[in-house]
Amino acid sequence: MSRATGKESDMSFAPNILERLARARADLRMGVPIVLFDDAQAFLVQAAETITDQRLTQARSLGEPLSLVVTARRAETLKAQVYDGDISRIILPDDAMSGWVNCVADPADDLKMPIKGPFKTERDGDVSLHRLAIDLVKSAQLLPSVVMSALPNAADFALQNGLTSLPKEASLPHLASSSPMHSVAGAKLPIQASNAGKLHIFRPEDGGAEHYAIEIGKPSRGAPVLARLHSACFTGDVLGSLKCDCGPQLNAALRQMGDEGAGVLLYLNQEGRGIGLANKMRAYALQDQGFDTVEANHRLGFEDDERDFRIGSNILKELGFGAVRLLTNNPKKINMMEENGISVSERVALQVGENDFNRAYLATKASKSGHMF
């Protein structure tokens, strides 16, 4: 395999680029550095959330300046200058250790320590590898912040230290696209909503989380099917949380499909609007401090919604559906379905689950995220 191009020989047992991306996500979650490179530059990359004093000291021993890369959303809260559009490169002080890095990356103590700067930030230069690093930690469901330092030779350094290395040009298309889905198993599953249920398991090629399709009855592939794209919500679907309307929406959608005798519910493992359960709990803690859902996501460094609804359209196509009656209050789901080849013949409102604990949350979804109630 050529480490410069990321191409694999047909006779090589080396991991291909998708497998290397999956390995890189696992490494970052464990606190192991990775190497990103292109034809002009290379960087050692460590996730801010999992970096240790030892790794930070080792990175400093290489003799290159270190920078803490955060998103523009996080930089806004930190009052750090943003010269690179969607990211900011904060120069790491010489005496900063992992505690300082975590304090800047994680907003948990922002109100206790409102003044964390002043920060010196980098400007000018190619930041495409920095953006790639942020995309990677997001896809690993870590806080969107990384520590980076330049390397003279990516291939030699990665090989000598046993690190996963990723070429930019081979990696970008896979991070920008939605991974193809493949059905791996399916079986009849009678449920409360319908005795005629069937559960399909879909696995993405990129090693990410599996997603599920619950088919009710025998819906026709030649007519719009009653469908719901439901994002996983452990707190609402399993624990019955009153902070959201997810559990009631899930049950109401299945019940309506059961009443009509046909439908398909896609259960997509995109917890917390795509940021993962740990970050969702961080957002909840920020909400306890008085921030709304959107503000909490921004303080963490995320966008309002990080989900990829293309996953839903890909699964529907795999199941043979081309048109849906979509159970949703979210116009983004409708637009994404249409843009990816699934016709939405009707929006079916799903207005259930409002209570004293989630009323402000639902109001925020309507006012800031455009949900239709």
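Given the criteria of a type outside the set (Lys, Arg), surrounded by fewer than 20 Cβ atoms within 10 Å (Cβ to Cβ), at pLDDT 95 or above and closer than 30 Å to residue 260 by Cβ, does residue 201 qualify? Considered against the rule, which asks whether it is of a type outside the set (Lys, Arg), surrounded by fewer than 20 Cβ atoms within 10 Å (Cβ to Cβ), at pLDDT 95 or above and closer than 30 Å to residue 260 by Cβ, residue 201 comes out as yes. Quick check: anything in segment 76-85 touching a helix residue (DSSP H, G or I) at 6+ places or on another chain (Cβ under 8 Å) and within 15 Å of residue 135 (Cβ to Cβ)? For segment 76-85, residues touching a helix residue (DSSP H, G or I) at 6+ places or on another chain (Cβ under 8 Å) and within 15 Å of residue 135 (Cβ to Cβ): present.
Evaluating residue 164 against the criteria (1) buried (at least 18 other Cβ atoms within 10 Å of the Cβ); (2) closer than 22 Å to residue 88 by Cβ leaves one unmet condition, (2).
In segment 106-153, of all residues being over 20 Å from residue 302 (Cβ atoms) and among the acidic types (Asp, Glu), the one that is least open to solvent (accessible area, probe 1.4 Å) corresponds to 122. Out of all the residues in segment 203-220, which are assigned to a loop (DSSP other than H, G, I, E, B) and farther than 21 Å from residue 347 by Cβ? Within segment 203-220, 205, 206, 207, 208, 209, 210, 217, 218 meet the criteria. Those helices (runs of 4 or more DSSP H) of segment 231-292 in which 2 or more residues are open to solvent by 50 Å² or more (accessible area, probe 1.4 Å), among the aliphatic types (A, V, I, L, M) and within 23 Å of residue 142 (Cα to Cα) occupy 277-288. If a residue has to be among the hydrophobic types (A, V, I, L, M, F, W, C) and under 30 Å from residue 336 (Cβ atoms) to count, how many in segment 136-182 make the cut? Final tally of qualifying residues: 12.
The values are calculated or read from the model by the stated rules, or taken from the named source; none is laboratory data. Because the structure is predicted, anything quoted here is derived from the model rather than measured. Note that we place each Cβ from the backbone using ideal geometry, even for glycine, and neighbour counts take in every protein chain shown. All accessible areas refer to the heavy atoms of the entire protein, side chains included, with ligands and DNA or RNA removed. Shrake-Rupley method; radii C 1.70, N 1.55, O 1.52, S 1.80 Å.
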